[in-house]
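Novice: This is the structure I have questions about; it appears just below.
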Amino acid sequence: MTKYARQILEIVNKAKEHPTAEQVYLKLKNKQPKVVLATIYNNLNMLYREGYIRKISVEGWPDRYDNANKHDHLVCKVCGKLTDLHVDDLTETLSGQIGEEMLSYELIVKHVCDDCKGRIAAVNKR
Ligand SMILES: [Zn+2]
Ligand SMILES: [Zn+2]
């Protein structure tokens with residue numbers, strides 16, 4: 001693995017906020033001022049393909065990256081914020097349903113986060 005790939009993996013693994021490629025870029029740029037955005041995209045794709053990291057795609061929002069540990073996500077429909085969810089593993093149930101071995105599944109639960117609920121309530125009061 002190249003030096004950039006290692007540093008990008010470290011940034012994604014440490015991040016709590018599910019960073020986008022741009023956010024990873026800004027963090028790496030602090031350490032590696034010469035790095036370009038295309039390098040970030042190439043390395044993120046490589047790390048994703050090789051299974052080192054996860055990519056979370058939600059319609060209407062840029063892709064976000066996350067550590068590879070098994071967990072699911074709650075996403076705010078208004079601001080797109082992702083929160084980790086830990087629910088029982090559905091692999092067995094799902095492979096039972098399809099009657100064959102499965103590779104993976106993505107569970108994304110939508111809600112309106114507390115911040116957005118507060119903002120909406122404030123607007124409605126005016
Ligand atoms: Zn929100
Ligand atoms: Zn996560």
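The values are calculated or read from the model by the stated rules, or taken from the named source; none is laboratory data. Every value quoted in this text rests on a predicted model; they were computed, and no experiment measured them. Methodologically, a virtual Cβ is constructed for each residue, glycine included, from the backbone with ideal geometry; neighbour enumeration extends over all protein chains shown. For the accessible areas, the whole protein counts, side chains as well, though only heavy atoms, and no ligand, DNA or RNA atoms are used. Shrake-Rupley method; radii C 1.70, N 1.55, O 1.52, S 1.80 Å.
Novice: If one computes the Cα centroid of the range 17-62 and of the range 71-126, what distance in Å separates the two points?
Specialist: Centre-to-centre distance over Cα atoms comes out at 22 Å.
Novice: Of all GluC sites (Glu not before Pro) in the range 47-126, which ones are in loop regions per DSSP and have a Cβ with at most 15 other Cβ atoms within 10 Å?
Specialist: Numbers: sites: E50, E59, E92, E100, E101, E106; in loops: E50, E59, E100, E101, E106.
Filter output for the range 47-126: E50, E59, E100, E101, E106.
Novice: Relative to the Cα centre, what is the charge dipole magnitude of the chain, using +1 at the beta carbon of each Lys and Arg, -1 at the beta carbon of each Asp and Glu, and rounding to the nearest 20 debye?
Specialist: Taking the Cα centre of the chain as origin, the dipole is about 1020 debye.
Novice: Mind listing which trypsin sites (Lys or Arg not before Pro) in the range 1-48 are in a DSSP loop and have 16 or fewer other Cβ atoms within 10 Å?
Specialist: Within the range 1-48, the qualifying trypsin sites (Lys or Arg not before Pro) (loop, at most 16 other Cβ atoms within 10 Å) are K16, K34.
Novice: So which lysines pass the test for K77, namely a Cα distance under 28 Å, with those fewer than 8 places away in the same chain ruled out?
Specialist: Within the straight-line cut-off, K77 pairs with K14, K16, K27, K55, K110, K117, K125.
Novice: Based on the Cβ-Cβ distance of K31 and N69, what FRET efficiency does E = 1/(1 + (r/R0)^6) give at R0 = 22 Å, to the nearest 0.05?
Specialist: Working from the Cβ atoms, E equals 0.35.
Novice: Could you work out Rg/(2.2 N^0.38 Å) for the range 17-69, with Rg from alpha carbons only?
Specialist: Normalised Cα radius of gyration, the range 17-69: 1.11.
Novice: Ignoring everything except DSSP H segments at least 4 long, calculate the 222 nm mean residue ellipticity for the chain; use -39,500 (n - 2.57) per segment, divide by total residues, nearest 500.
Specialist: Estimated from H runs of four or more residues: -13500 deg cm²/dmol.
Novice: Looking only at the chain, where both bridge partners belong to it, what percent of the DSSP beta bridges are antiparallel (to the nearest 5)?
Specialist: Percentage antiparallel, nearest 5: 70.
Novice: Semi-axes of the equivalent ellipsoid of the range 70-126: what are they in whole Å, largest first, if each equals the square root of 5 times a C-alpha gyration tensor eigenvalue?
Specialist: In descending order the semi-axes read 35, 10, 8 Å.
Novice: Suppose every Lys and Arg Cβ carries +1 and every Asp and Glu Cβ carries -1, with no other charges. What dipole size does the range 1-68 come out with about its Cα centre, to the nearest 20 debye?
Specialist: Numbers: 12 positive and 7 negative charges, 70 e Å.
Dipole size: approximately 340 debye.
Novice: Then there is this: What part of the accessible area of the chain, given as a whole %, is carbon or sulfur when the probe is 1.4 angstrom?
Specialist: 52 percent
Novice: If eta is 0.890 mPa s and T is 25 °C, what Stokes-Einstein diffusion coefficient results for the chain, Kirkwood Rh from Cα pairs, in µm²/s?
Specialist: Rounded to a whole number, D works out at 149 µm²/s.
Novice: Set Lys and Arg Cβ to +1 and Asp and Glu Cβ to -1, take the dipole of the chain about its Cα centre, and tell me which of A121, L107, N45 lies farthest positive.
Specialist: A121
Novice: Still on this structure, I have one more. Could you tell me which chymotrypsin sites (Phe, Trp or Tyr not before Pro) in the range 1-110 are loop residues by DSSP with no more than 15 other beta carbons within 10 angstrom of their beta carbon?
Specialist: Passing sites in the range 1-110 are Y105.
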